[in-house]
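Note sheet for the following structure.
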Amino acid sequence: MKVDPIGPIDLQQSAASQGFLMPAQWAPLESVWLARPRDEETWPGCLEAAQAEWDAWRASMETVARVRTTDELGIATSAWIREFGPIFVKNKAGQVAAHSFVFNGWGGKRQVSSLDNSVSDALQKDLGIPMWRHQCVLQGCSIDSNGAGTLLTTRQCLENKNRNSESGAAGIEQVLRDALGITNIIWLPGGIEGDVTDCHVDNVTRFVRRDAIAAVRTTQEHPDYAMLEANWKVLQEARDEQRQKFELLELPAPKPMHYEFPSDRFGPGGRRILPASHANFIFANGVIFVPAFGGASDEVACRMLENATGFRAQPIMVKALIIGLGSLHCFSCQQPQAKQ
């Protein structure tokens, strides 16, 4: 792709045609954007505990990165900023731009707040960067980039009829190529139980280096065994943008976790499995913040990710946060550092 390092950015042309690419999440960051949990309905009976975990995580991240929140924009959003916030791109000249996509409440499973939908525009105004606005549905948790043109996603989510029913896989692929500079897409079958998003990739499989992937694997007794093995088989045959195989690393799964939910406007209550996963980590300037659940797999996951990335692994307890059906990666949005 040709890049004009001093030319203006044309929003009438595709981002990819102007050299923009979705960067790897371990790239240097300007800021990490967060939104604090504030909804008792999402965290029934445990909101204060979830907020305490979030506060501790924020304090830990502030030691390595600038942390900004949607409260600074004057918007009291829900916590899922990676879902409704912008997806950033960057070109070789160091220019940063962004894309705004439609958030439809994970295929209509949750009511979408007008405040959530206003975040991308407010953030774009605050940062003063170019932003392409799209009418198709896409959330940041459903995709992961190695920063060189290869992208991970799941068919269970992006091909779901409750997202972009008219475009199909080919249409979605074209959006990913035009908007995010993607040249190579790895389609995994699906995700884990308890994930109401129709199984985002950030709970099962993540890039840890350009040429290395960490994927959750578990034993046959685990409820996610069959799907995780199906994903692993795809990864064994996958190639990167240079047509080379990836180094595959096995990420442990925590023991299944459940919570007794009350009945609400979204459905009947009852004991449900939670989408607990160490794959929902976030990179921030030399540190990888890893979801921890108080079990033996916490230490194993941290050591594996630390060895794979060269980043210092920092476990963050999310036993209450996960009751909201998401974790660290879901609650954050990384803004890449522009070239100074």
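The values are calculated or read from the model by the stated rules, or taken from the named source; none is laboratory data. If you're wondering where the values come from, they're calculated on a predicted model, not measured in any experiment. Every residue, glycine among them, receives a Cβ derived from its backbone with ideal geometry; neighbour counts consider all protein chains shown.
Among the residues making up region 210-229, those that are closer than 21 Å to ARG243 by Cα and either assigned to a helix (DSSP H, G or I) or over 16 Å from the mean Cα position of the chain (by Cα) (or both) are ARG210, ASP211, ALA212.
The set of residues in region 321-340 that are under 19 Å from the mean Cα position of the chain (by Cα) and either small (Gly, Ala, Ser) or part of a strand (DSSP E or B) (or both) comprises GLY324, GLY326, SER327, SER332, CYS333, GLN334, GLN335, PRO336.
Checked against (1) surrounded by 24 or more Cβ atoms within 10 Å (Cβ to Cβ); (2) touching a residue at least 60 places away in the same chain (Cβ under 8 Å); (3) in contact with a helix residue (DSSP H, G or I) (Cβ under 8 Å, 6 or more places away or on another chain); (4) closer than 23 Å to ALA276 by Cβ, ASP198 passes all but condition (1). Looking across region 126-181, the residues that are modelled with pLDDT under 90 and part of a strand (DSSP E or B) come down to GLN135, CYS136, VAL137. Look at (1) in contact (Cβ under 8 Å) with a residue 12 or more places away in the chain; (2) part of a helix (DSSP H, G or I) and you find that TRP187 fails only one, number (2).
Checking region 29-37 against the condition returns no match, with no residue being in contact (Cβ under 8 Å) with a residue 24 or more places away in the chain, surrounded by fewer than 15 Cβ atoms within 10 Å (Cβ to Cβ) and over 16 Å from the mean Cα position of the chain (by Cα).
For ASP71, the conditions (1) in contact (Cβ under 8 Å) with a residue 60 or more places away in the chain; (2) of a type in the set (D, E, K, R); (3) not in a loop (DSSP other than H, G, I, E, B) all hold with the exception of (1).
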